[in-house]
Amino acid sequence: MDKPQEINGFQVFVVEDEHEGGKVAFELVQAAYAQGAQVFGLATGSTPETLYEELKASNLDFSDRVSVNLDEYVGLSGDHPQSYRYFMEEKLFNEKPFKQNFVPNGLADEEAEIQRYNQVLQDYPIDLQILGIGTNAHIAFNEPGTSFEAKTHKVKLTEATIEANKRFFDAEEDVPRYAYSMGIASILEADQIILLAYGPKKAQAIRDMIHADKTEQIPATALQDHANVTVVVDQAAAEKLVV
Ligand SMILES: N[C@@H]1[C@@H](O)[C@H](O)[C@@H](COP(=O)(O)O)O[C@@H]1O
């Protein structure tokens, strides 16, 4: 694995494509695992899929480790094919069992669920967090304007996010309008963060995350305050970086 370049405090790997990105991310996960990481913060979306393929193909044993997922659509049960719980089971957990998998419960009462998930995060502090990024630089479901102080919260999804995610649903009306999401403050508590992004649609978000002034209008700029963020991007997503 080549060395990353340091750009404004971020360690950046520029890879050929998402397959190489999955391999690089896997090596980073493997290193954290070997150093004793117990709690893995996981993400949904198409971006981490190649990493999950690598994890499934590996002989790393997670049966004594815990995962904590970032977010879930409000109103979908865990066995709904578009729920994030279902996605994680299909893409990773069924083949690579963990001791426990935490995902917010999209059907639970709002206040109780927020409290429960914040307790999960307190009981299982995240050693390594995997992140994707939205085209508007959201992380998890923290949309532009979300306070950087937020812990788990209920989010109203923006039109941009609904538009980006509608490809997974039969019709745009079927896309849930709300989600439960770990907040930015919770994400920043992870010891180590790996953010993955591929394709030209992510180039502006990646540039803003690294080069823009920190602002709640660009959620990923919060990561500028974290001391250990590795970014794995393909050339298209890296195109607007200033190096
Ligand atoms: N809540 C998820 C995010 O965690 C993810 O990073 C983003 C990008 O998804 P994709 O990787 O499919 O581009 O989509 C959703 O909004």
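The values are calculated or read from the model by the stated rules, or taken from the named source; none is laboratory data. It should be emphasised that the depicted structure is a prediction, and the values quoted were computed from it without experimental measurement. So basically every Cβ, Gly included, is an ideal-geometry build from the backbone, and we count neighbours across all protein chains shown. We work out accessible area using only protein heavy atoms, side chains counted, and drop any ligands, DNA or RNA first. Shrake-Rupley method; radii C 1.70, N 1.55, O 1.52, S 1.80 Å.
A few notes on this one:
- Surface composition of the range 191-243: carbon plus sulfur atoms contribute 42% of the solvent-accessible area (1.4 Å probe, protein chains only, all chains present).
- Taking a straight line from the alpha carbon of Lys96, these lysines sit under 24 Å away, with near neighbours fewer than eight places off in the same chain left out: Lys23, Lys56.
- Cα shape, the range 77-212, gyration tensor, a/c 1.5 rule: rounded
- Cα-centre dipole for the chain with unit charges at Cβ (Lys and Arg positive, Asp and Glu negative), debye to 20: 220 debye
- Surface listing: Arg85, Arg65 arranged by accessible area from highest to lowest gives Arg85, Arg65, probe 1.4 Å.
- Net charge of Cβ neighbours under 9 Å - reference Val39; Lys, Arg +1; Asp, Glu -1: 0
- In Å, descending, principal axis extents of the Cα set of the chain: 46, 39, 34
- Normalising the average separation of contacting C-alpha pairs (under 8 angstrom, six or more residues apart) by the number of residues puts the relative contact order of the range 146-195 at 51 percent.
- Where the chain is the region considered: accessible area per residue in Å², 1.4 Å probe: 45 Å²
- Protection proxy ranking, peptides 1-12, 51-62, 184-195, average beta carbon neighbours within 10 Å, highest first: 184-195, 51-62, 1-12
- Accessible surface of Arg177 - all protein chains present, 1.4 Å probe, nearest 10 Å²: 80 Å²
- Within the range 106-149: backbone nitrogen closer than 18 Å to the Glu27 label point (7 Å, Cα to C-beta): none
- Linear extension gain, Asp79 paired with Ile7, 0.36 nm per residue minus alpha-carbon span: 21.8 nm
- Across the chain, the relative contact order, built from alpha-carbon pairs under 8 Å that are at least six residues apart, equals 25 percent.
- Extension gain, Lys154-Glu172: 0.36 nm per intervening residue step, less the Cα-Cα distance, totals 4.5 nm.
- Local net charge near Pro219, Cβ-Cβ under 15 Å (Lys/Arg +1, Asp/Glu -1): -2
- Cα gyration tensor category, rounded, prolate or oblate, for the range 167-243 with a/c compared to 1.5: oblate
- Only Lys, Arg, Asp and Glu carry charge here, each on its Cβ (+1 for the first two, -1 for the last two); on that basis the range 152-204 has a dipole of about 120 debye about its Cα centre.
- 3J(HN,Hα) from dihedral phi, the range 69-74, Karplus parametrisation 6.51/-1.76/1.60, rounded to Hz, x for glycine, proline: 8, 6, 7, 7, 5, 6
- Share of carbon and sulfur in the accessible heavy-atom surface of the range 24-72 [1.4 Å probe, %]: 44 percent
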